[in-house]
Amino acid sequence: MANQYSLKELTLYFLKLGYSGFGGPVALVGYMHKDLVEKRQWISEEEYKNGLALAQLAPGPLAAQLGIYLGFVHYGVLGATLVGGAFILPSFLMVVLLGMAYQQFGGLPWMQAVFYGVGAAVIGIIAVSSYKLTQKSIGKFSLTSLKNNWLLWLFFVVACIITVITKKENAGLFVVAGLVYMLAKAPPKSFFKTSNSLLLLQMGFWEYDAALLWKIALFFGEAGAFVFGSGLAIVPFLHAGVVQQYGWLTEQQFVDAVAVAMITPGPVVITVGFIGYLVSGFWGATVAALATFLPCYLFTVLPAPYFQKIAKNASIKAFVDGITAAVVGALVGAVGVIGLRSIVDIPTALLALVAALTLIYSKKIQEPYIILVAAAIGFVVKIYF
(Lines give C-alpha, C1' and ligand atoms only; values in the text may rest on other atoms or scores of the structure.)
Protein backbone atom coordinates (compact mmCIF):
# COMPACT_ATOMS: atom_id res chain seq x y z
CA MET A 1 0.00 0.00 0.00
CA ALA A 2 1.45 3.32 -1.06
CA ASN A 3 2.01 6.02 1.56
CA GLN A 4 -0.62 8.74 1.97
CA TYR A 5 0.06 12.07 0.33
CA SER A 6 -1.93 15.19 -0.47
CA LEU A 7 -2.81 16.53 -3.90
CA LYS A 8 -0.89 19.68 -3.00
CA GLU A 9 2.25 17.67 -2.28
CA LEU A 10 1.99 15.78 -5.57
CA THR A 11 1.31 18.98 -7.54
CA LEU A 12 4.30 20.73 -5.95
CA TYR A 13 6.48 17.71 -6.76
CA PHE A 14 5.58 17.91 -10.45
CA LEU A 15 6.01 21.68 -10.44
CA LYS A 16 9.55 21.13 -9.17
CA LEU A 17 10.14 18.36 -11.73
CA GLY A 18 8.91 20.75 -14.41
CA TYR A 19 11.62 23.32 -13.62
CA SER A 20 14.45 21.01 -12.54
CA GLY A 21 13.94 17.75 -14.43
CA PHE A 22 16.51 17.59 -17.20
CA GLY A 23 17.28 14.76 -19.59
CA GLY A 24 14.19 14.19 -21.72
CA PRO A 25 11.56 11.44 -21.38
CA VAL A 26 13.88 8.61 -20.35
CA ALA A 27 15.33 10.63 -17.48
CA LEU A 28 11.97 12.11 -16.44
CA VAL A 29 10.19 8.76 -16.14
CA GLY A 30 13.24 7.56 -14.20
CA TYR A 31 12.97 10.51 -11.78
CA MET A 32 9.27 9.74 -11.22
CA HIS A 33 10.07 6.13 -10.39
CA LYS A 34 12.93 7.01 -8.08
CA ASP A 35 11.07 9.77 -6.23
CA LEU A 36 7.45 8.59 -6.16
CA VAL A 37 7.86 4.79 -6.07
CA GLU A 38 11.18 4.13 -4.35
CA LYS A 39 11.83 7.14 -2.12
CA ARG A 40 8.42 8.51 -1.07
CA GLN A 41 6.35 5.40 -1.83
CA TRP A 42 3.34 7.47 -2.87
CA ILE A 43 2.84 5.32 -5.96
CA SER A 44 3.07 1.52 -6.00
CA GLU A 45 5.26 -0.35 -8.47
CA GLU A 46 2.14 -1.78 -10.10
CA GLU A 47 0.49 1.64 -10.51
CA TYR A 48 3.69 3.01 -12.04
CA LYS A 49 3.98 0.12 -14.50
CA ASN A 50 0.33 0.51 -15.51
CA GLY A 51 0.89 4.21 -16.09
CA LEU A 52 4.02 3.62 -18.14
CA ALA A 53 2.25 1.06 -20.30
CA LEU A 54 -0.80 3.27 -20.88
CA ALA A 55 1.40 6.31 -21.58
CA GLN A 56 3.34 4.41 -24.22
CA LEU A 57 0.22 3.01 -25.88
CA ALA A 58 -1.42 6.42 -26.23
CA PRO A 59 -0.08 9.08 -28.62
CA GLY A 60 1.77 12.10 -27.29
CA PRO A 61 4.77 12.88 -25.04
CA LEU A 62 5.61 9.96 -22.77
CA ALA A 63 6.73 11.79 -19.61
CA ALA A 64 3.75 14.17 -19.58
CA GLN A 65 1.32 11.28 -20.05
CA LEU A 66 2.88 9.27 -17.24
CA GLY A 67 2.72 12.30 -14.95
CA ILE A 68 -0.95 12.87 -15.83
CA TYR A 69 -1.73 9.22 -15.12
CA LEU A 70 0.07 9.30 -11.75
CA GLY A 71 -1.97 12.37 -10.86
CA PHE A 72 -5.12 10.46 -11.76
CA VAL A 73 -4.26 7.36 -9.70
CA HIS A 74 -5.48 8.68 -6.34
CA TYR A 75 -7.00 12.08 -7.20
CA GLY A 76 -8.91 11.48 -10.42
CA VAL A 77 -9.45 14.10 -13.13
CA LEU A 78 -8.58 17.00 -10.81
CA GLY A 79 -5.27 15.36 -9.91
CA ALA A 80 -4.48 14.64 -13.55
CA THR A 81 -5.27 18.24 -14.54
CA LEU A 82 -3.26 19.91 -11.77
CA VAL A 83 -0.28 17.59 -12.17
CA GLY A 84 -0.24 17.99 -15.95
CA GLY A 85 -0.43 21.78 -15.70
CA ALA A 86 2.22 21.97 -12.98
CA PHE A 87 4.58 19.74 -14.95
CA ILE A 88 4.29 21.64 -18.22
CA LEU A 89 4.00 25.27 -17.03
CA PRO A 90 7.62 25.95 -15.88
CA SER A 91 9.27 24.74 -19.07
CA PHE A 92 6.61 26.51 -21.17
CA LEU A 93 7.42 29.83 -19.50
CA MET A 94 11.14 29.20 -20.00
CA VAL A 95 10.86 28.53 -23.72
CA VAL A 96 8.64 31.60 -24.19
CA LEU A 97 11.27 33.76 -22.48
CA LEU A 98 13.99 32.16 -24.61
CA GLY A 99 11.85 32.81 -27.68
CA MET A 100 11.72 36.49 -26.75
CA ALA A 101 15.50 36.58 -26.32
CA TYR A 102 15.99 34.71 -29.59
CA GLN A 103 13.97 37.21 -31.60
CA GLN A 104 15.41 40.19 -29.75
CA PHE A 105 19.09 39.28 -30.08
CA GLY A 106 19.06 37.37 -33.36
CA GLY A 107 20.13 33.83 -32.54
CA LEU A 108 21.54 31.69 -29.75
CA PRO A 109 25.22 30.98 -30.45
CA TRP A 110 25.97 30.71 -26.71
CA MET A 111 23.21 28.12 -26.40
CA GLN A 112 24.92 25.82 -28.88
CA ALA A 113 28.05 25.98 -26.73
CA VAL A 114 26.04 25.24 -23.59
CA PHE A 115 24.24 22.37 -25.31
CA TYR A 116 27.61 20.87 -26.27
CA GLY A 117 28.20 20.12 -22.59
CA VAL A 118 24.59 19.61 -21.50
CA GLY A 119 23.83 17.12 -24.26
CA ALA A 120 26.77 14.95 -23.25
CA ALA A 121 25.92 14.99 -19.54
CA VAL A 122 22.30 14.20 -20.35
CA ILE A 123 23.40 10.97 -22.04
CA GLY A 124 25.10 9.84 -18.85
CA ILE A 125 22.03 10.75 -16.79
CA ILE A 126 19.50 8.96 -18.98
CA ALA A 127 21.78 5.92 -19.35
CA VAL A 128 21.77 5.45 -15.57
CA SER A 129 18.01 6.10 -15.37
CA SER A 130 17.22 3.58 -18.10
CA TYR A 131 19.49 0.98 -16.45
CA LYS A 132 17.62 1.32 -13.15
CA LEU A 133 14.27 1.29 -14.92
CA THR A 134 15.23 -1.94 -16.72
CA GLN A 135 16.13 -3.64 -13.44
CA LYS A 136 12.86 -2.60 -11.83
CA SER A 137 10.63 -3.47 -14.80
CA ILE A 138 12.17 -6.71 -16.06
CA GLY A 139 14.84 -7.91 -13.65
CA LYS A 140 18.54 -7.76 -12.87
CA PHE A 141 21.08 -8.46 -15.58
CA SER A 142 21.80 -12.04 -14.48
CA LEU A 143 21.62 -15.53 -15.93
CA THR A 144 18.77 -16.39 -13.55
CA SER A 145 16.72 -13.42 -14.73
CA LEU A 146 17.49 -14.16 -18.38
CA LYS A 147 16.35 -17.74 -17.88
CA ASN A 148 13.18 -16.99 -15.92
CA ASN A 149 12.10 -13.96 -17.94
CA TRP A 150 13.60 -14.84 -21.32
CA LEU A 151 10.50 -13.76 -23.24
CA LEU A 152 10.47 -10.33 -21.58
CA TRP A 153 14.18 -9.92 -22.31
CA LEU A 154 13.50 -10.89 -25.92
CA PHE A 155 10.88 -8.12 -26.19
CA PHE A 156 13.35 -5.73 -24.55
CA VAL A 157 16.16 -6.51 -27.01
CA VAL A 158 13.94 -6.47 -30.10
CA ALA A 159 12.36 -3.12 -29.15
CA CYS A 160 15.80 -1.68 -28.41
CA ILE A 161 17.21 -2.75 -31.78
CA ILE A 162 14.17 -1.55 -33.74
CA THR A 163 14.31 1.84 -32.00
CA VAL A 164 18.00 2.25 -32.83
CA ILE A 165 17.41 1.33 -36.49
CA THR A 166 14.21 3.31 -37.10
CA LYS A 167 14.95 6.12 -34.62
CA LYS A 168 11.36 6.06 -33.38
CA GLU A 169 9.16 3.99 -31.09
CA ASN A 170 6.72 1.51 -32.64
CA ALA A 171 3.41 1.32 -30.74
CA GLY A 172 2.35 -1.74 -32.74
CA LEU A 173 5.37 -3.63 -31.43
CA PHE A 174 4.35 -2.82 -27.84
CA VAL A 175 0.84 -4.16 -28.39
CA VAL A 176 2.17 -7.34 -30.02
CA ALA A 177 4.59 -7.88 -27.12
CA GLY A 178 1.75 -7.48 -24.64
CA LEU A 179 -0.54 -9.88 -26.49
CA VAL A 180 2.15 -12.53 -26.97
CA TYR A 181 3.16 -12.44 -23.29
CA MET A 182 -0.47 -12.54 -22.19
CA LEU A 183 -1.18 -15.59 -24.34
CA ALA A 184 2.01 -17.29 -23.11
CA LYS A 185 1.60 -16.58 -19.38
CA ALA A 186 -2.10 -16.02 -18.67
CA PRO A 187 -4.38 -16.55 -21.67
CA PRO A 188 -7.83 -15.07 -21.04
CA LYS A 189 -10.58 -17.61 -20.35
CA SER A 190 -13.14 -15.50 -22.17
CA PHE A 191 -13.31 -12.30 -24.11
CA PHE A 192 -14.44 -9.19 -22.33
CA LYS A 193 -18.18 -8.64 -22.66
CA THR A 194 -17.76 -4.94 -22.86
CA SER A 195 -15.30 -2.95 -24.86
CA ASN A 196 -14.17 0.64 -24.84
CA SER A 197 -12.81 2.41 -27.91
CA LEU A 198 -10.70 5.55 -27.67
CA LEU A 199 -11.04 7.78 -30.75
CA LEU A 200 -10.61 10.35 -30.34
CA LEU A 201 3.25 44.48 -25.91
CA GLN A 202 5.74 44.39 -28.57
CA MET A 203 7.21 41.06 -27.53
CA GLY A 204 4.33 39.18 -29.13
CA PHE A 205 1.69 39.34 -26.40
CA TRP A 206 -0.94 41.34 -28.22
CA GLU A 207 -0.21 40.80 -31.89
CA TYR A 208 -1.63 37.70 -33.55
CA ASP A 209 -3.16 36.43 -36.76
CA ALA A 210 -6.35 34.44 -36.08
CA ALA A 211 -6.06 32.43 -39.31
CA LEU A 212 -2.44 31.55 -38.53
CA LEU A 213 -3.36 30.50 -34.99
CA TRP A 214 -5.96 28.09 -36.41
CA LYS A 215 -3.29 26.57 -38.66
CA ILE A 216 -0.97 26.25 -35.66
CA ALA A 217 -3.73 24.63 -33.60
CA LEU A 218 -4.55 22.09 -36.30
CA PHE A 219 -0.93 21.17 -37.04
CA PHE A 220 0.21 20.82 -33.42
CA GLY A 221 -3.02 19.09 -32.49
CA GLU A 222 -2.22 16.51 -35.14
CA ALA A 223 1.31 16.18 -33.76
CA GLY A 224 -0.05 15.54 -30.28
CA ALA A 225 -2.75 13.13 -31.44
CA PHE A 226 -0.91 10.96 -33.93
CA VAL A 227 2.76 10.84 -32.96
CA PHE A 228 3.60 8.07 -30.48
CA GLY A 229 6.52 8.06 -28.09
CA SER A 230 8.92 10.67 -26.79
CA GLY A 231 10.23 13.96 -28.11
CA LEU A 232 12.57 11.88 -30.24
CA ALA A 233 9.58 10.69 -32.26
CA ILE A 234 7.84 14.05 -32.57
CA VAL A 235 10.88 16.04 -33.79
CA PRO A 236 10.87 14.62 -37.38
CA PHE A 237 7.10 15.26 -37.59
CA LEU A 238 7.59 18.87 -36.48
CA HIS A 239 10.46 19.36 -38.92
CA ALA A 240 8.38 18.15 -41.85
CA GLY A 241 5.59 20.56 -40.96
CA VAL A 242 7.16 23.79 -39.73
CA VAL A 243 10.17 23.77 -42.09
CA GLN A 244 9.18 21.82 -45.20
CA GLN A 245 5.39 22.09 -45.42
CA TYR A 246 4.60 25.55 -44.04
CA GLY A 247 8.02 27.23 -44.12
CA TRP A 248 7.39 28.84 -40.72
CA LEU A 249 11.01 28.33 -39.62
CA THR A 250 14.34 28.05 -41.36
CA GLU A 251 16.49 24.95 -40.94
CA GLN A 252 18.76 26.77 -38.47
CA GLN A 253 15.83 28.09 -36.44
CA PHE A 254 14.45 24.58 -36.11
CA VAL A 255 17.81 23.22 -34.94
CA ASP A 256 17.95 26.02 -32.36
CA ALA A 257 14.42 25.12 -31.23
CA VAL A 258 15.48 21.53 -30.58
CA ALA A 259 18.54 22.80 -28.68
CA VAL A 260 16.26 24.96 -26.51
CA ALA A 261 14.12 21.92 -25.68
CA MET A 262 17.14 19.87 -24.68
CA ILE A 263 18.72 22.44 -22.36
CA THR A 264 15.47 23.35 -20.60
CA PRO A 265 13.92 21.08 -17.97
CA GLY A 266 10.60 19.30 -18.35
CA PRO A 267 9.23 17.46 -21.39
CA VAL A 268 11.31 17.71 -24.59
CA VAL A 269 8.12 18.31 -26.55
CA ILE A 270 7.87 21.76 -24.95
CA THR A 271 9.94 22.87 -27.94
CA VAL A 272 6.51 23.40 -29.54
CA GLY A 273 6.16 26.48 -27.31
CA PHE A 274 9.41 27.93 -28.64
CA ILE A 275 8.41 27.15 -32.24
CA GLY A 276 4.94 28.62 -31.70
CA TYR A 277 6.46 31.82 -30.32
CA LEU A 278 8.73 32.26 -33.32
CA VAL A 279 5.78 31.73 -35.66
CA SER A 280 3.17 33.91 -33.95
CA GLY A 281 4.39 35.37 -30.66
CA PHE A 282 3.02 34.57 -27.23
CA TRP A 283 -0.37 33.38 -28.47
CA GLY A 284 1.31 31.18 -31.06
CA ALA A 285 3.32 29.56 -28.24
CA THR A 286 0.21 29.12 -26.10
CA VAL A 287 -1.90 27.62 -28.88
CA ALA A 288 0.93 25.29 -29.99
CA ALA A 289 1.47 24.00 -26.44
CA LEU A 290 -2.24 23.53 -25.68
CA ALA A 291 -2.89 21.82 -29.01
CA THR A 292 0.03 19.42 -28.48
CA PHE A 293 -0.69 18.46 -24.87
CA LEU A 294 -4.51 18.39 -24.90
CA PRO A 295 -4.75 15.14 -26.93
CA CYS A 296 -2.27 13.35 -24.64
CA TYR A 297 -4.27 14.52 -21.61
CA LEU A 298 -7.50 13.15 -23.04
CA PHE A 299 -5.90 9.92 -24.29
CA THR A 300 -4.58 9.34 -20.76
CA VAL A 301 -7.52 10.41 -18.58
CA LEU A 302 -10.39 8.90 -20.59
CA PRO A 303 -9.18 5.26 -20.57
CA ALA A 304 -7.59 5.48 -17.09
CA PRO A 305 -10.61 4.32 -15.04
CA TYR A 306 -11.15 1.33 -17.33
CA PHE A 307 -7.45 0.57 -17.35
CA GLN A 308 -7.27 0.59 -13.55
CA LYS A 309 -10.22 -1.79 -13.17
CA ILE A 310 -8.92 -4.45 -15.54
CA ALA A 311 -5.26 -4.13 -14.52
CA LYS A 312 -5.75 -6.64 -11.66
CA ASN A 313 -6.80 -9.35 -14.09
CA ALA A 314 -3.98 -11.94 -14.54
CA SER A 315 -4.20 -11.78 -18.32
CA ILE A 316 -4.07 -8.00 -18.29
CA LYS A 317 -1.10 -8.06 -15.90
CA ALA A 318 0.76 -10.30 -18.34
CA PHE A 319 -0.24 -7.96 -21.19
CA VAL A 320 1.16 -4.98 -19.26
CA ASP A 321 4.38 -6.85 -18.41
CA GLY A 322 4.93 -7.64 -22.08
CA ILE A 323 4.29 -4.05 -23.12
CA THR A 324 6.53 -2.70 -20.35
CA ALA A 325 9.46 -4.88 -21.43
CA ALA A 326 9.16 -3.58 -25.00
CA VAL A 327 8.68 0.01 -23.78
CA VAL A 328 11.82 -0.07 -21.64
CA GLY A 329 13.75 -1.64 -24.52
CA ALA A 330 12.61 1.20 -26.78
CA LEU A 331 13.66 3.78 -24.20
CA VAL A 332 17.12 2.20 -23.96
CA GLY A 333 17.29 2.26 -27.76
CA ALA A 334 16.44 5.95 -27.64
CA VAL A 335 19.42 6.50 -25.34
CA GLY A 336 21.63 5.06 -28.05
CA VAL A 337 20.07 7.24 -30.75
CA ILE A 338 20.44 10.44 -28.71
CA GLY A 339 23.92 9.39 -27.64
CA LEU A 340 25.13 9.11 -31.23
CA ARG A 341 24.05 12.71 -31.77
CA SER A 342 25.46 14.14 -28.54
CA ILE A 343 28.74 12.25 -28.07
CA VAL A 344 30.78 13.77 -30.87
CA ASP A 345 34.34 13.84 -29.48
CA ILE A 346 36.53 12.97 -26.49
CA PRO A 347 35.35 15.85 -24.21
CA THR A 348 31.67 14.95 -24.66
CA ALA A 349 32.41 11.26 -24.10
CA LEU A 350 34.23 12.13 -20.87
CA LEU A 351 31.39 14.41 -19.73
CA ALA A 352 28.83 11.63 -20.29
CA LEU A 353 30.98 9.10 -18.43
CA VAL A 354 31.63 11.42 -15.48
CA ALA A 355 27.93 12.31 -15.24
CA ALA A 356 26.97 8.63 -15.15
CA LEU A 357 29.64 7.71 -12.59
CA THR A 358 28.68 10.68 -10.40
CA LEU A 359 25.07 9.49 -10.23
CA ILE A 360 26.13 5.90 -9.54
CA TYR A 361 28.63 6.62 -6.77
CA SER A 362 27.31 9.84 -5.22
CA LYS A 363 23.85 10.06 -3.62
CA LYS A 364 24.21 13.73 -2.67
CA ILE A 365 24.91 15.27 -6.08
CA GLN A 366 21.66 15.52 -8.04
CA GLU A 367 20.98 15.87 -11.75
CA PRO A 368 20.41 19.67 -11.95
CA TYR A 369 23.85 20.35 -10.46
CA ILE A 370 25.47 17.98 -12.94
CA ILE A 371 23.66 19.78 -15.77
CA LEU A 372 24.85 23.20 -14.57
CA VAL A 373 28.48 22.08 -14.29
CA ALA A 374 28.32 20.40 -17.72
CA ALA A 375 26.83 23.57 -19.24
CA ALA A 376 29.69 25.66 -17.85
CA ILE A 377 32.33 23.18 -19.04
CA GLY A 378 30.71 22.95 -22.49
CA PHE A 379 30.61 26.73 -22.79
CA VAL A 380 34.29 27.10 -21.86
CA VAL A 381 35.47 24.25 -24.13
CA LYS A 382 33.44 25.38 -27.13
CA ILE A 383 34.14 29.10 -26.85
CA TYR A 384 37.77 29.16 -25.73
CA PHE A 385 39.30 25.97 -27.18
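The values are calculated or read from the model by the stated rules, or taken from the named source; none is laboratory data. Everything numeric in this text was worked out from a predicted model, so none of it was measured. Neighbour counts run over all protein chains shown; Cβ positions are idealised from the backbone, glycine included. The protein model used for the area step is the full one, side chains on, heavy atoms only, and it has no ligands, DNA or RNA in it. Shrake-Rupley method; radii C 1.70, N 1.55, O 1.52, S 1.80 Å.
Of note:
- Within the chain, helix-based [θ] at 222 nm, where runs of 4 or more DSSP H residues each add -39,500 (n - 2.57), nearest 500: -25000 deg cm²/dmol
- The smallest convex shape that holds all Cα atoms of the range 295-334, its convex hull, gives 65 Å³ per residue.
- For the range 209-219, the Karplus equation 6.51 cos²θ - 1.76 cosθ + 1.60, evaluated at θ = phi - 60°, returns couplings of 10, 4, 5, 5, 5, 5, 4, 4, 4, 5, 5 Hz by residue, with Gly and Pro reported as x.
- Between I161 and I365, the C-beta separation translates, for a Förster distance of 41 Å, into a calculated FRET efficiency of about 0.80.
- Carbon and sulfur %, accessible surface of the chain computed with the full protein complex present, 1.4 Å: 68
- Sparse packing (at most 13 other Cβ atoms within 10 Å of the Cβ) combined with a DSSP loop state is found for the following trypsin sites (Lys or Arg not before Pro) in the range 46-151: K140.
- Each residue of the chain gets 144 Å³ once the volume of the Cα convex hull is shared out per residue.
- Taking only the C-alpha atoms of the range 25-80, the Rg (one decimal) and the largest Cα-Cα distance, Dmax (whole number), read 10.3, 29 Å.
- With the gyration tensor restricted to C-alpha atoms of the range 45-134, the semi-axes of the equivalent ellipsoid amount to 31, 20, 9 Å, longest first.
- For the chain, the dipole from Cβ point charges (+1 on Lys and Arg, -1 on Asp and Glu) about the Cα centre works out to 1220 debye, to the nearest 20.
- Amide N proximity, the range 64-79 versus E9 label position 7 Å along Cα-to-Cβ, cut-off under 18 Å: 70-76, 79
- Dividing the radius of gyration of the alpha carbons in the range 244-385 by their Kirkwood radius gives 1.05 for Rg/Rh.
- Pairs beyond 27 Å (Cα-Cα), from K185/K309; K16/K167; K132/K382; K136/K309; K136/K364: K16/K167; K132/K382
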